[in-house]
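Each remark here refers to the structure printed beneath this line.
The values are calculated or read from the model by the stated rules, or taken from the named source; none is laboratory data. As the structure is a prediction and not an experimental result, all values here were calculated from the model. Just the protein is used for accessible areas: all its heavy atoms, side chains included, with ligands, DNA and RNA removed. Shrake-Rupley method; radii C 1.70, N 1.55, O 1.52, S 1.80 Å.
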Amino acid sequence: MYAAILGAPEDNVPEQLAARVGTMFADAAIAAAGGGSWSNPALTDRDRSIAIITALTAQGVTDERLRTHLTLARRHGVNDAAPSALMVLLASYLGFPSASQAMETVTTTRSSAGGKPPAHASGSTSPTS
């Protein structure tokens with residue numbers, strides 16, 4: 001998965017990750033990521049992308065890490081409208097400050113990828129219906 005995130009050949013991942021975070025941290029991160037969480041068939045790549053975007057938003061991460069996972073999510077079948085809808089949903093659970101900061105990253109990432117902002121959400125349902 002780090003190869004996809006970094007856009008690097010698998011054999012070059014340790015070097016590229018170490019350049020970003022240092023060798024000790026890179027080794028630990030690669031060992032932790034080697035578990036079944038990235039390959040468990042109970043989750044699709046799309047599911048994992050949405051979960052990671054949610055976790056990053058909850059932690060207030062709106063930098064290159066969120067942009068990378070938004071781009072990866074697009075490759076995994078998450079359409080342009082989904083991250084916006086996700087941020088609206090998360091605002092109720094995480095608070096508007098966290099969700100709005102992440103929404104700015106969603107918007108700039110979509111713009112740089114050539115996507116258009118959704119005109120409106122369709123098919124929405126109320127939690128009371």
When only C-alpha pairs under 8 Å and at least 6 residues apart count, what is the relative contact order of the chain, in percent? 19 percent
Specify, per residue and in Å³, the volume enclosed by the convex hull of the alpha carbon atoms belonging to the chain. 130 Å³
If the convex hull is drawn through the Cα atoms of the stretch 18-66, its volume per residue in Å³: 91 Å³
Please give the helix 64-75 orientation as an angle from the longest Cα principal axis of the chain, in degrees from 0 to 90, rounded to the nearest 10. 80 degrees
0 to 90° range, to nearest 10: angle between helix 23-33 axis and the chain longest Cα axis: 60 degrees
Fully extended contour minus Cα-Cα distance, from Leu89 to Asn40, at 0.36 nm per residue: 15.0 nm
Summing -39500 (n - 2.57) over every DSSP H run of at least 4 residues in the chain and dividing by its residue count gives a helix-only mean residue ellipticity at 222 nm, to the nearest 500 deg cm²/dmol, of -19500 deg cm²/dmol
On the accessible surface of the chain, probed at 1.4 Å with all protein chains in place, carbon and sulfur together account for a percent value of 57 percent
Once phi is turned into ³J(HN,Hα) by the Karplus curve 6.51 cos²θ - 1.76 cosθ + 1.60 with θ = phi - 60°, what whole-Hz value does each residue of the stretch 38-45 show in order, with x for glycine and proline? 8, 10, 4, x, 5, 10, 7, 4
Per residue of the stretch 50-61, what does 6.51 cos²θ - 1.76 cosθ + 1.60 with θ = phi - 60° give for ³J(HN,Hα)? Whole Hz please, x for Gly and Pro, Karplus curve as stated. 5, 5, 5, 4, 4, 5, 5, 4, 4, 8, x, 8
Quick check for you: with a 1.4 Å probe and neighbouring chains kept, what is the accessible area per residue of the stretch 3-117, in Å²? 59 Å²
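List the relative contact order of the stretch 1-75 as a percent without decimals, with contacts defined as Cα pairs under 8 Å and 6+ residues apart. If you can, show how the numbers build up before the last one.
On the way: 41 pairs, mean separation 19.4, N = 75.
Across the stretch 1-75, relative contact order equals 26 percent.
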Roughly what angle does helix 96-112 make with the longest principal axis of the chain, taking Cα atoms, 0 to 90 degrees, to the nearest 10? 70 degrees
